[in-house]
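Heads up: the structure comes next, in structure tokens.
The values are calculated or read from the model by the stated rules, or taken from the named source; none is laboratory data. What you see is a predicted model, and the numbers here were worked out from it, not measured in a lab. Note that each Cβ is placed from the backbone with ideal geometry, even for glycine, and that neighbours are counted across all protein chains shown. Accessible surface areas use protein heavy atoms only, side chains included; no ligands, DNA or RNA. Shrake-Rupley method; radii C 1.70, N 1.55, O 1.52, S 1.80 Å.
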Amino acid sequence: MELLLAILPPLLFYIIFNLCKLGYQKRDQRCYMLSYQCHKAPEDQRLDTGSCANIVARNKNLGIEEYRFLLKTMVSSGIGEETYCPKNVIDGREESPTHMDAISEMDGIIFQTLDKLFAKTGVSPSEIDIIVSSVSLISPAPSLTARVINRYRMREDVKAFNLSGMGCSASVVAVDLVKQLFRTCKNSLAIVVSTESMGPNWYSGKDKSMMLSNILFRTGGCSMLLTNNRALKHKALLELTCSVRTHIGSDDEAYRSCIQVEDDLGHKGFRLTRDLPKAGAKALTMNLRVLLPKVLPPLELLRYQMTYYRNKIMGRSIPKGAGPGLDLRSGIDHFCVHPGGRAIIDEVGKSLALSDHELEPARMALYRFGNTSSGGLWYVLGYMEAKKRLKKGDKILMISLGAGFKCNNCVWKVMKDLDDPNVWQDCIDDYPPKTTGNPFSEKFDWINDGSLDLATREDYLPLLSKYSNC
């Protein structure tokens, strides 16, 4: 007994000490979003109906069947007339881009967003401790982060990381990397730059599965400022509460569903296969199995489990989607879905039983800016903020899907009521539009005329030129 009494105080002290230490470490693992800035390209890069027709007409590899495919896909894509594409494509040099074209495209997006970010927050580039760039299709030397460090004369001890080949989900990967670095870097400031190199990767062939990328992908990007300094908590817009990364690249179908290749004629591009929606659904399901228990209330999880096993025991069919009895809204207020295309948005919405109101931000970001790859999520978030939907204490689930195949999701907590119109400032009052009909169907429906089945390129090029100038 005396021995027990002698051991008990040191043991209690050890337990209390370690609990306090764990709590202190948790306090230092915070990740706050101080600000973000999305890119809006100049008006001379706007890709309206006429510009699209001119680009299509320049591709000598296309015949009437390819034109019909492009028309059908464009009309159903969910993309409007106000998106932007690279300058070299607008200028007619999509088949012969230079290295300088690629670098200029990156500089224009990265430097514009960072200039605005530093000006808005009042943070000096010399205060930055960590910089991460996530651009999949270009990896120059010196690196993109080196160009940023050189441009803004950053400190020599800044930690720089360049992520490539991560696809549309790269932005969440970059944020997760910063969160991990914050564990050992106290009171630090980090910037994340997410965009994509479109100019040198414009597809000029006629493979239908590779032509899809030209329809969906557009110019855009975003820069973010993050910190783990609790003294800056009062300035934060969001706090990262949870992030989960899932990679199903061991599945051959998923791995090949979104892949950069060359076609039979040697034209480089991105192939999107019919397995893409299936791969996305599989990766999303696996990811949410890990993420949702971390963010939903215990009572909701218990109710889900009870309902699930009751249905299983009684031999009842188990509904697809979010699951029987599982209410995602018990722990999530907003759903920030990657605007990868109408099919992707609809599939995620169906899987999670989301309403049109909840999918509206993703659909409008796709309609206004297109699929801007890893920067796309932030246009969706910007729409929510511009519409004044984000209130203090709300939880936002960010859902990103990308080549590999990957699903990287995270949850943000809103730290204050947000109402900055940001990149949507000049048009937010016009959204959602009364109709998201595509003008291509009106101007180019003549392509479906059966009399053109045996027409030559010379027969329908004048028609393309006529209607592209209307």
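Here are the numbers for this structure:
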quantity	calculated
Filtered residues of segment 108-124 (kept if open to solvent by less than 30 Å² (accessible area, probe 1.4 Å) and either hydroxyl-bearing (Ser, Thr, Tyr) or closer than 29 Å to Asn88 by Cβ (or both))	Ile109, Ile110, Phe111, Thr113, Leu114, Leu117, Phe118
Segment 254-271: number of residues that are under 19 Å from Val135 (Cβ atoms) and either buried (at least 17 other Cβ atoms within 10 Å of the Cβ) or under 19 Å from the mean Cα position of the chain (by Cα) (or both)	5
Residue in segment 233-253 that is assigned to a helix (DSSP H, G or I) and open to solvent by less than 70 Å² (accessible area, probe 1.4 Å) present	no
Residue list for segment 54-95, filter: open to solvent by 20 Å² or more (accessible area, probe 1.4 Å), among the polar types (S, T, N, Q), touching a helix residue (DSSP H, G or I) at 6+ places or on another chain (Cβ under 7 Å) and farther than 18 Å from Ala343 by Cα	Asn54
Among residues of segment 409-444, those that are touching a strand residue (DSSP E or B) at 6+ places or on another chain (Cβ under 8 Å) and either outside any helix (DSSP H, G or I) or among the β-branched types (Val, Ile, Thr) (or both), counted	8
Odd one out for Ser136, checked against (1) open to solvent by less than 30 Å² (accessible area, probe 1.4 Å); (2) of a type outside the set (A, V, I, L, M, F, W, C); (3) touching a Pro at 6+ places or on another chain (Cβ under 7 Å)	(3)
Per-region count, segment 148-163, residues closer than 27 Å to His338 by Cβ and either touching a Phe, Trp or Tyr at 6+ places or on another chain (Cβ under 7 Å) or open to solvent by 60 Å² or more (accessible area, probe 1.4 Å) (or both)	2
Selection from segment 386-403 of residues that are open to solvent by 10 Å² or more (accessible area, probe 1.4 Å) and in contact (Cβ under 8 Å) with a residue 24 or more places away in the chain	Ala386, Lys387, Lys388, Arg389, Lys391, Lys392, Asp394, Lys395, Leu401, Ala403
Pairs where the first residue, in segment 214-232, is among the basic types (Lys, Arg) and the second is open to solvent by 10 Å² or more (accessible area, probe 1.4 Å), C-beta under 7 Å, 6+ apart	Arg230/Arg27; Arg230/Arg30
Residues (of a type in the set (S, T, N, Q) and either crowded, with 17+ Cβ neighbours inside 10 Å or on the phi > 0 side of the Ramachandran plot (or both)) located in segment 164-191	Ser169, Ser171, Asn187, Ser188
Subset of segment 422-450 that is more than 18 Å from Lys40 (Cβ to Cβ) and polar (S, T, N, Q) - its residue that is modelled with the highest pLDDT	Thr435
Residue match in segment 198-208 (condition: part of a helix (DSSP H, G or I), open to solvent by less than 10 Å² (accessible area, probe 1.4 Å), touching a residue at least 12 places away in the same chain (Cβ under 8 Å) and in contact with a Cys (Cβ under 9 Å, 6 or more places away or on another chain))	yes
Pairs with Cβ under 6 Å, 6+ apart, first in segment 39-54 and over 13 Å from Glu82 (Cβ atoms), second open to solvent by less than 10 Å² (accessible area, probe 1.4 Å) and part of a loop (DSSP other than H, G, I, E, B)	His39/Gly220
